[in-house]
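A.B. asks: One structure is given below, represented as structure tokens, and several questions about it will come after.
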Amino acid sequence: MRHLLNLIKRELGSAPGQYLWLIIMGMVFLTLLSVFQGQRTVTILLVIGFSFVYMTWGLIHHGRSRTLHLKNVLEYIIIGFTFCFIILLLLGK
Amino acid sequence: MNQLKKWLAHFFLPGETNNFQAKTLHLDFLSVYLAIALILVSFAKTNLPAFNQVLGVATDISITRLTELTNAERQQHQLAPLTYNERLAEAARGKAQDMFAKNYWSHYAPDGTTPWDFILAAHYQYEYAGENLAKNFMFSQGVIDAWMNSPTHRENMLRPQYTEMGMAVMNGMLNGEETTLVVQMFGRPTTATTVVSSQSPEQSQPVVLAKHTTAAAPGNFLSFDLIIAFIVLLMTVLIADFYIAGKLKIVRLNGKNLAHFLFLGFVLAGLLLFITQGSISHYAAFIKPN
């Protein structure tokens, strides 16, 4: 467990600003979901928006660390779209 | 047993056989997840009930379940359970249809129609009557919890004067978006009324069932629990993969597991906390004799 925490600290420490930005965007996502609870259209827009924020984060992060590669880009895009579609399915869209 | 261990290690842990990344995180597997999600979304848009029944998502907004949960709450508070009344159900359906037709979300219609007008139109003469409204919930328990957490709605649900209840669950367009409405009508008939023999929710047939009224049936491919389990499994694999790759100091070209983990964590939190919850009216409606 301690080793895992050290690995996480090292990873977060390698790009603290970028990870902080991702966490803040996540908190904003949850806050807006709570504020607009029950409004399907807004929920759908928030889910799509957060997925795009996440994909953009991946591009910027890997671009800055000079590890931008098609494989990495596809990973973020596929994961982002997969869970976007799963939530849209749940919302009945 | 060894074969099983090797198989599990190949799919869930980085090692020599999977190019030092869990197979479930490889691009080909991720593409399969996306393809399945796309197929399910495409089928959900079809009007083929057979496909929707098998490939639809199972949630449990249903009149039967809502009635059970309401009476369970009443029993917990030492109150008599409410009998399901078809005339009140008809009033609830009338109210839901009116809300969709006139595009309003309120106990009182823009033209002044009250909930009591619908009850009287269904030929139910009441001594006491009440109405609770909810929209866009995915689960019946969420509706009941929201009503119980609201003082006026809770008062309605636990009012000892009520003896009967009727419900409607309907899908339609409200304020430009697809909405699932729940209307709950309470009543106590006047002593002079010939009370319609009350039917259980199973015997009465609502005119329109909400898309999500299908309770989790064995035939449904996808359940909410399955989606949650899939997200949790993927998060576990990501952390395990991250840990082992870090420990073995494996250098590889792939996305950041921690970022994926955070994204899925926020998606999971959103799903569990907010997306399954809808909204209820600001207050409950109640009428009593002067």
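Read the figures in this text as sums done on the coordinates, not as results from a lab. Fair warning: this is a prediction, and the values are worked out from it, not measured in the lab. No Cβ is skipped: glycine too gets one built from the backbone with ideal geometry, and neighbour counts run over all protein chains shown.
A.B. asks: Rounded to whole Å and sorted largest first, list the principal axis extents of the Cα atoms in region B:51-161.
C.D. replies: 41, 39, 25
A.B. asks: Helix by helix, which DSSP H runs in chain A go 24 Å or more along their axis at the Cα atoms and have an average Kyte-Doolittle hydropathy of 1.0 or more?
C.D. replies: Helices meeting the span and hydropathy rule in chain A are A:16-35, A:70-90.
A.B. asks: Can you pull the Rg over Rh of region A:9-58, Cα-only, Kirkwood?
C.D. replies: Reported Rg/Rh, Kirkwood definition of Rh: 1.09.
A.B. asks: Taking amide hydrogens as modeled 1.01 Å from N in the peptide plane, which residues meet the under 5 Å criterion relative to B:THR163, leaving out close sequence neighbours?
C.D. replies: B:GLY187, B:ARG188
A.B. asks: Quickly estimate the mean residue ellipticity at 222 nm for the protein assembly as shown, helices only: each DSSP H run with n ≥ 4 gives -39500 (n - 2.57), and the total goes over all residues, rounded to 500.
C.D. replies: It comes out at -17500 deg cm²/dmol, rounded to the nearest 500.
A.B. asks: I've got another one for you. Within 10 Å of each Cβ of B:271-283, how many other protein chain Cβ atoms are there on average?
C.D. replies: 4
A.B. asks: For region B:113-129, in order, what is each residue's ³J(HN,Hα) by Karplus, 6.51 cos²θ - 1.76 cosθ + 1.60 with θ = phi - 60°, in whole Hz (x at glycine and Pro)?
C.D. replies: My calculation for region B:113-129 gives 5, 9, x, 5, 4, 5, 5, 5, 5, 8, 6, 10, 8, 10, 9, 10, 8 Hz in order.
A.B. asks: Once you list every other residue whose beta carbon is under 12 Å from the beta carbon of B:LYS102, what net charge do they have if Lys and Arg are +1 and Asp and Glu are -1?
C.D. replies: Surrounding charge for B:LYS102 is -1.
A.B. asks: Could you work out Rg/(2.2 N^0.38 Å) for region B:1-46, with Rg from alpha carbons only?
C.D. replies: Relative to the 2.2 N^0.38 Å estimate, region B:1-46 comes out at 1.53.
A.B. asks: Count the net charge of all other residues whose Cβ sits under 11 Å from the Cβ of B:PHE261, scoring Lys and Arg as +1 and Asp and Glu as -1. Can you show the working numbers first?
C.D. replies: Working: positive: B:LYS256; negative: A:GLU11, B:ASP241.
Neighbour charge sum, excluding B:PHE261 itself: -1.
A.B. asks: Follow-up question, since we're still on this one. Divide, for the protein assembly as shown, the radius of gyration over alpha carbons by 2.2 N^0.38 Å, where N is the residue count.
C.D. replies: Ratio of Cα Rg to 2.2 N^0.38 Å: 1.19.
A.B. asks: For region A:31-84, treating each Cα as an identical point scatterer without solvent, what Debye log10 I(q)/I(0) comes out at q = 0.22, 0.23, 0.24, 0.30 1/Å?
C.D. replies: Values returned for q = 0.22, 0.23, 0.24, 0.30 Å⁻¹ are -0.77, -0.80, -0.84, -1.07.
A.B. asks: With a cap of 12 neighbouring Cβ atoms within 10 Å, and only residues DSSP puts in a loop, list the trypsin sites (Lys or Arg not before Pro) found in region B:239-290.
C.D. replies: B:LYS249, B:ARG252
A.B. asks: Could I ask something else about it? Average the reciprocal distances over every distinct pair of alpha-carbons in chain A, invert the result, and give the Kirkwood radius in Å.
C.D. replies: Mean inverse Cα-Cα distance, inverted, gives 14.7 Å.
A.B. asks: I would also like to ask the following. Identify the residues of region B:98-132 with backbone N under 17 Å of a label point that sits 7 angstrom from the Cα of B:THR191 along the Cα-to-Cβ direction, or state none.
C.D. replies: Taking a point 7 Å out along Cα→Cβ of B:THR191, the residues of region B:98-132 whose backbone N falls under 17 Å are B:125-128.
A.B. asks: Please list 3J(HN,Hα) in residue order for region B:19-30, calculated via the Karplus relation 6.51 cos²θ - 1.76 cosθ + 1.60 where θ = phi - 60°; whole Hz, with x for glycine and proline.
C.D. replies: 6, 6, 8, 3, 4, 5, 9, 5, 4, 5, 5, 4
A.B. asks: Between B:HIS282 and B:VAL232, what is the FRET efficiency for a Förster distance of 30 Å, r being their Cβ-Cβ separation, to the nearest 0.05?
C.D. replies: For R0 = 30 Å, the calculated efficiency reads 0.25.
A.B. asks: For the residue pair A:ARG64 and B:ASP145, what label-to-label distance in nm results when each label sits 7 Å from Cα along the Cα-to-beta-carbon direction?
C.D. replies: With each label placed 7 Å out from Cα toward Cβ, I get 3.7 nm.
A.B. asks: Please report how far the C-alpha centroid of region B:1-18 lies from that of region A:1-69, rounded to the nearest whole angstrom.
C.D. replies: First find each Cα centre; the distance between them is then 30 Å.
A.B. asks: Give a residue-ordered list of calculated ³J(HN,Hα) values for region B:271-278 (Karplus: 6.51 cos²θ - 1.76 cosθ + 1.60, θ = phi - 60°; whole Hz; x for Gly, Pro).
C.D. replies: 4, 6, 8, 10, 5, 7, 9, x
A.B. asks: Shifting gears a bit: Mind listing the long-range amide H neighbours of B:ILE61? Cut-off is under 5 Å, sequence gap 5 or more, other chains count too, H placed in the peptide plane at 1.01 Å from N.
C.D. replies: Hits under the 5 Å cutoff: B:SER140.
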